[in-house]
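Just so it is clear, none of the values below were taken in a lab; they were calculated from the coordinates. Not measured: the values here are computed from a predicted model. Neighbour counts are summed over all protein chains in view; Cβ atoms, including those assigned to glycine, are modelled from backbone coordinates with ideal geometry.
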Amino acid sequence: MLSLVLAATLSITDYATMPIPSSPRFSPDGKRIVYVVTRADLDRSVYDSNLWMAGVDGANVVRLTRSNGNDSDPAWSPDGKQIAFVSDRESRNALWMLDPNGGEPWKLTHETGSISNFEWSPDSKSIAFVMSDPVSAEQERRKKERDDVHVIGEELRQSHLYIIDVGTQSVRRMTRGEFSVDHPSWSPDGKRIVVERMPTSAPNDYFRSDLYTLLTDVPCDASACPSMTPIVVRPGTDVHGRFSPDGRWIAFLSGGGVFDWLHETELYVVPSAGGTPRLLSRDYNRSPAAFTWSADSRSIYFEGAWNMTSQLFRVGADGENFSRVTYAESLVTDVDMNRDQRRFAFVQQTITTPPEVYVSDVKTFAPRQVTHLNDAYRDRTLGATRVIRWKNPKDGLEIEGLLTLPIGYEPGKRYPLLTFVHGGPASRFDRGFIGYLGYLYMPHVLAANGFAVLRPNPRGTGGYGQKFREANRNDWGGMDWLDINAGIDKLLADGIADPQRLGLMGWSYGGLLASWAIGHSDRMRAISIGAPVVDLVSFHGTTDIRDFIPSYFPPTPLSLDQIRARSPLWNLRPTNAAVLIQHGEADDRVPLSQSTMLYRILDEMGVNVTMVTYPRSPHAPREPKQRMDVARRNLEFFRRYVLNAESPAPPSSGGRSQ
């Protein structure tokens with residue numbers, strides 16, 4: 001009987017190779033949907049993405065592209081005759097085209113830079129796109145001759161706007177200068193484009209973005225470009241501008257003039273000629289993920305987080321009449337409205353059902369499944385997952401989280417408990433089948449091996465409103481750590497968790513709190529730490545988001561004593577817990593040196609510590625085999641030290657022998 005149960009559970013390979021649908025887009029006539037499917041190729045250890053199409057009723061499914069690479073961001077021409085998409089099938093991103101009625105894709109752009117965001121013109125004759133500056137001939141020569149020294153801050157490769165005529169394939173450059181632009185969007189009459197402008201395209205400069213418009217019939221020449229018209233210029237984030245259908249307004253996402261990583265990015269509108277922005281999403285009090293104007297320009301639909309779910313919302317262009325379109329105990333994401341806005345397509349997943357493309361009417365939310373990519377995973381035996389809530393014993397703040405019980409759970413019996421801490425800190429655990437970093441820690445694989453898994457959303461988590469999101473400012477490892485421990489205490493008091501078999505795991509900020517546990521808790525038998533921030537001083541000096549720490553630990557200049565006090569590295573002590581550290585070698589967000597320092601100090605303390613690094617991996621592994629290795633090592637680690645309660649050798653009192 002046991003072998004039959006295990007055969008029906010989710011495996012590590014299932015998590016790493018499950019097909020993921022994304023970007024469903026209605027044809028202009030509303031009869032078909034093009035979408036992206038991402039699959040793993042284990043032989044090459046890569047993820048490939050290709051375009052598929054189906055009728056809105058799920059019939060007539062056809063694969064449109066076949067490439068060893070990533071085909072993404074499909075967009076129908078407004079006349080419905082062609083689909084444009086981005087593909088890296090020839091090493092760098094370029095624009096490709098295909099006829100939705102059949103035939104092979106063909107390459108539209110032949111530029112030497114890499115193309116990112118693009119949008120069709122209203123008349124279907126042109127496409128505006130953003131491209132990074134190509135490497136110059138001089139840079140290529142110097143690299144070949146090994147005379148390629150780098151001066152920090154110089155020779156930055158900016159991203160600029162271009163327009164290509166689809167018929168002639170002639171390209172016009174629209175911006176030039178020591179700045180970058182992104183996310184172009186056309187005005188309804190095709191005469192203007194709105195873009196976001198930043199000092200550079202580096203991640204840190206996302207919080208220095210402003211909105212500008214430019215005329216589409218005045219390109220750059222070899223020496224100069226026409227002046228861009230500022231629309232919204234202020235501190236913080238102003239991005240993703242989109243004209244209203246009547247051309248009078250531009251909607252956009254913004255930090256409201258506040259330069260702060262902790263501030264929710266809200267929905268605003270501004271007159272298209274410039275003026276005072278007006279906040280629309282006041283009653284939402286969270287960060288919209290994407291939005292669409294209504295056809296009559298009187299309201300805006302937007303999607304976004306709502307506690308542990310993601311929903312579709314609507315608000316008037318005057319900021320009134322905020323309402324929910326969906327009331328789902330699920331994730332409703334990647335929303336696209338059809339032309340008459342009576343239907344919308346979206347990707348949905350729940351705690352028990354894997355992601356698929358669905359369609360629903362706007363007035364009555366009744367999802368109708370379009371794709372069946374993951375039917376094989378619907379009947380797997382899963383540990384029951386509950387939403388649980390508890391209060392911080394110090395200030396009474398209510399915290400919620402997900403508890404996944406082991407398969408075969410028996411009430412009254414205590415089980416080994418693993419607590420998984422999310423990153424961000426403003427990431428969150430949600431009611432999705434895969435879940436936040438589920439491809440690394442795999443809750444249902446752990447549940448199939450006899451573990452209960454707690455996924456808490458402590459203060460600082462996104463999706464719960466502005467006040468909750470910024471509640472851990474200046475307090476990493478403080479009340480957020482108490483929030484998490486209160487959840488563990490609840491499961492101990494409820495008779496679910498075995499106090500002698502507790503483990504902790506987390507990646508990024510979750511890795512910080514897992515590292516924090518080494519110096520602040522004696523009850524963990526095993527601690528798995530992924531890509532952790534352990535020393536806030538050196539992290540601030542090496543990360544690619546240099547404004548991150550000053551936002552969480554104001555005022556500027558930083559107080560070194562203050563941030564050292566919140567750094568796990570400066571709070572370590574010998575521990576009897578076994579420690580596993582995992583980190584990508586190409587991580588610019590949290591550089592590998594953070595884990596190296598942690599490993600060396602713990603090793604010198606005589607702690608049972610193992611460190612594993614992943615070549616080519618950025619902040620989180622992107623290759624299937626690497627993801628599987630992370631998960632396999634965690635499973636073996638926790639089975640050994642938590643499930644089977646093997647005792648690691650206690651740390652030696654004198655550390656390593658010299």
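Just a few scattered comments:
- Bridging of Lys490 to lysines at a Cα separation below 20 Å is possible for Lys391, Lys394, Lys413, once same-chain residues fewer than 8 apart are set aside.
- Whole-Å semi-axes of the ellipsoid equivalent to region 262-351 (Cα gyration tensor, √5λ, descending): 23, 16, 10
- For the chain, the C-alpha radius of gyration sits at 0.99 times the compact-globule guess of 2.2 N^0.38 Å, with N the residue count.
- Label point distance in nm, Asn644-Asp494, each placed 7 Å from Cα along Cα→Cβ: 2.9 nm
- Relative pair counts by distance (%), Cα atoms of region 142-234, 5 Å bins: 3, 12, 20, 22, 16, 12, 8, 5, 2, 1, 0
- Partner lysines for Lys363 [C-alpha distance under 26 Å; skip if fewer than 8 residues away on the same chain]: Lys31
- Compared with the dominant Cα axis of the chain, that is its longest principal axis, helix 479-493 is turned about 60°.
- Ranked list, fewest to most other Cβ atoms within 10 Å of each Cβ, for Leu10, Leu504, Leu572, Leu598: Leu572, Leu10, Leu598, Leu504
- Reference-scaled alpha-carbon Rg (2.2 N^0.38 Å with N residues) for region 385-643: 0.94
- When its C-alpha radius of gyration is set against 2.2 N^0.38 Å (N residues), region 214-331 gives a value of 1.19.
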